[in-house]
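Dumping the structure here so I can ask a few things about it.
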Amino acid sequence: MSLNEFEMYRRDEHVDSYRKDGNVKASTVEGREVRAVPTLDRYITRLPAVAFPALLQSSWEAVAVAFGAGLLNGGPTALVWGSLLCIIGSVALALSLGEMASITPVVGAQYRWTALYAPKRFMSPAFWSLLQGWITVFAWIAVCTQVCFLEGTILQGLIILNVDSYIPKGWHGTLLAWSILALPLLCNIFARKLLAPVEILGGVVHVGLFVTFIIVLVVLSPRSSAAYVFTETNTNLSGYSNGGVSWCIGLLSGAFPLAGFDGVLHMSAEVKDASLRVPQSMALSTLINGVMTWGIIITILFTIGDPVAVSQTPYVYPIIQMLYNATGSKGATTAMMTLVLFIGVVAVFSTLASVSRLTWAFAKDKGLPFSGFFSIVHPKLRIPLNSLLLIATIVMVLNLINIGSTTAFFAILSLNTLALYISYIIPIIFFIIHKIRGFPVPYGPFKLPRGLGLPINFLAVSYAVFISIWLPFPAVVPVNAQTMNYGGPVVGFVLLVALGDWFIGGRKRFTVPVDICNADDEGAQSDSP
């Protein structure tokens with residue numbers, strides 16, 4: 001594929017990247033303007049672009065809330081040393097995707113790049129692209145659902161802490177999740193440009209609260225020994241007879257909070273100088289969040305006190321118990337966890353914005369049923385309103401499942417991390433093949449150093465495949481309906497849906513521009529690193 005063809009692909013994106021005002025995009029036929037359609041504004045600058053993926057991940061907060069799974073499998077060493085592996089691998093993933101984002105900063109991101117680099121010898125690039133699109137959209141819907149539910153259950157834990165007579169019910173969690181969704185949804189519809197200042201404010205709270213947690217826990221909590229933190233391994237608490245399996249499952253506690261950095265990719269149409277700022281923001285936010293995640297893990301392990309008592313807390317999450325043990329104050333504990341809730345609400349704001357743009361882009365390429373309806377940008381609000389309302393409706397419906405069956409609900413939620421990692425693996429593998437076959441790579445302003453590009457790409461894929469192997473494993477054995485990990489089966493179901501869509505009508509309907517995206521076998525030699 002020639003460099004001119006890459007430029008054609010860039011111009012085929014869903015928005016007019018070459019208009020400064022971003023107000024309208026003129027469609028042309030043979031050079032004649034035939035209609036004007038609404039597009040998205042570019043208003044996200046450098047700082048909000050960095051804060052966006054950082055808050056969407058909310059990595060240290062997620063680890064603080066969910067570290068109990070790591071103690072059950074592998075223990076402190078899985079959390080401490082496993083998280084270092086996750087940081088290195090996640091940064092490699094962000095750098096690899098960032099390099100592609102700099103070449104083609106498109107809203108569709110992974111599914112578009114899959115079409116761009118997939119060799120024809122491995123099925124039609126459109127086939128891989130459609131599968132990738134379905135996986136990525138479903139993954140982000142599950143992410144949004146999980147964040148809302150997580151926030152709702154944190155709120156339930158605080159109610160239990162403060163109201164002795166409160167008895168939690170499943171439907172309470174659903175209503176609380178809906179309430180968490182409401183404000184971000186309204187802001188996305190009527191105040192979308194609040195996203196930038198809210199991201200900056202959230203970033204300040206994100207860092208400030210991290211420092212506060214560390215100070216409170218270090219100053220007021222009892223101390224664990226260094227031997228416990230850095231050398232203690234628990235491989236017999238979860239029922240696994242193989243300690244290595246248990247340890248690898250435990251390190252996942254450091255993997256899932258560092259996923260999701262690709263959320264900013266789907267905002268590329270609204271980021272100024274996206275070819276530089278989007279990849280920079282992914283890499284920087286992942287590195288910063290990784291360091292903060294490792295810091296909070298070390299702090300928690302040094303100040304946990306009695307791990308068994310903390311893990312059996314009545315307040316839903318062990319971190320609430322730890323803060324209450326440290327401060328002895330329900331008010332102080334509630335105040336600190338309320339700030340965690342605020343960061344979560346900002347994360348929902350960001351997630352809704354990101355997944356609605358991704359869905360809109362996929363619909364623009366006719367990857368979804370009823371694509372014409374979901375590909376519309378509201379002319380006054382300047383957002384993909386129909387796609388946004390679709391996502392919000394699905395999230396609300398999925399949270400309803402929790403009332404009837406928590407097992408079915410968690411089965412759906414188990415999709416998100418595994419599907420996200422699969423969405424990272426596919427385009428990077430095709431990008432590696434593209435480089436190795438010697439085709440030209442017209443790098444953007446964000447380029448990995450010569451000689452390091454392919455090694456980093458290989459590291460990223462190796463890490464993602466390794467994590468994906470362990471993600472479907474159940475946390476405990478023997479397995480029953482409640483403890484089963486349904487991530488693998490649910491991802492398999494999504495793939496079946498995507499395959500069915502392809503054979504039923506998707507191969508004729510899907511219009512991602514792949515004809516100009518495939519290097520032919522006589523391609524020029526690449527200058528890839």
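The values are calculated or read from the model by the stated rules, or taken from the named source; none is laboratory data. Quantities reported herein were computed from a predicted structural model and do not represent experimental measurements. Quick reminder, even Gly has a Cβ in these numbers, built from the backbone with ideal geometry, and neighbours come from all protein chains shown.
Might you check whether a residue that is farther than 30 Å from residue 128 by Cβ and either of a type outside the set (Ser, Thr, Tyr) or not in a loop (DSSP other than H, G, I, E, B) (or both) occurs anywhere in segment 357-379?
yes
Tell me which of these residue 443 doesn't satisfy, since it passes every other one: (1) hydroxyl-bearing (Ser, Thr, Tyr); (2) surrounded by fewer than 18 Cβ atoms within 10 Å (Cβ to Cβ); (3) at pLDDT 95 or above.
Only one criterion in (1) hydroxyl-bearing (Ser, Thr, Tyr); (2) surrounded by fewer than 18 Cβ atoms within 10 Å (Cβ to Cβ); (3) at pLDDT 95 or above is unmet by residue 443, namely (3).
Just wondering, is there one or more residues in segment 166-173 that are under 24 Å from the mean Cα position of the chain (by Cα), in a helix (DSSP H, G or I), closer than 26 Å to residue 55 by Cβ and not polar (S, T, N, Q)?
yes
Return yes when residue 456 is touching a Leu at 6+ places or on another chain (Cβ under 7 Å) and buried (at least 21 other Cβ atoms within 10 Å of the Cβ) and no when it is not.
no
Find all pairs meeting these conditions: Cβ atoms under 8 angstrom apart; at least six residues apart or on different chains; first residue within segment 183-208 and in contact (Cβ under 8 Å) with a residue 40 or more places away in the chain and closer than 22 Å to residue 152 by Cα; second residue polar (S, T, N, Q) and outside any helix (DSSP H, G or I).
Note: pairs meeting the criteria are 206/58.
I'd like the residue in segment 363-387 that is surrounded by fewer than 22 Cβ atoms within 10 Å (Cβ to Cβ) and polar (S, T, N, Q) and, out of all such residues, is nearest to residue 144 (Cα to Cα).
Restricting to residues being surrounded by fewer than 22 Cβ atoms within 10 Å (Cβ to Cβ) and polar (S, T, N, Q), the top hit is 386.
May I pose another question? In the set 185, 93, which member is in a helix (DSSP H, G or I), within 17 Å of residue 355 (Cβ to Cβ) and either touching an Asp or Glu at 6+ places or on another chain (Cβ under 8 Å) or at pLDDT 95 or above (or both)?
185
Continuing with the same structure: Check whether at least one residue in segment 238-248 is under 26 Å from residue 325 (Cβ atoms), of a type outside the set (Ser, Thr, Tyr) and surrounded by 15 or more Cβ atoms within 10 Å (Cβ to Cβ), and report yes or no.
No, there is no match, as no residue in segment 238-248 is under 26 Å from residue 325 (Cβ atoms), of a type outside the set (Ser, Thr, Tyr) and surrounded by 15 or more Cβ atoms within 10 Å (Cβ to Cβ).
Looking at segment 216-229 only, could you name the residues that are part of a helix (DSSP H, G or I) and either among the small types (Gly, Ala, Ser) or over 29 Å from the mean Cα position of the chain (by Cα) (or both)?
Result: 216, 218, 219, 220, 226, 227, 228.
Rundown of residues vs (1) over 20 Å from residue 432 (Cα atoms); (2) surrounded by 24 or more Cβ atoms within 10 Å (Cβ to Cβ), yes/no style:
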| position | (1), (2) |
| --- | --- |
| 77 | yes, no |
| 109 | no, yes |
| 115 | no, yes |
| 118 | no, yes |
| 121 | no, no |
| 127 | no, no |
| 132 | no, yes |
| 148 | yes, yes |
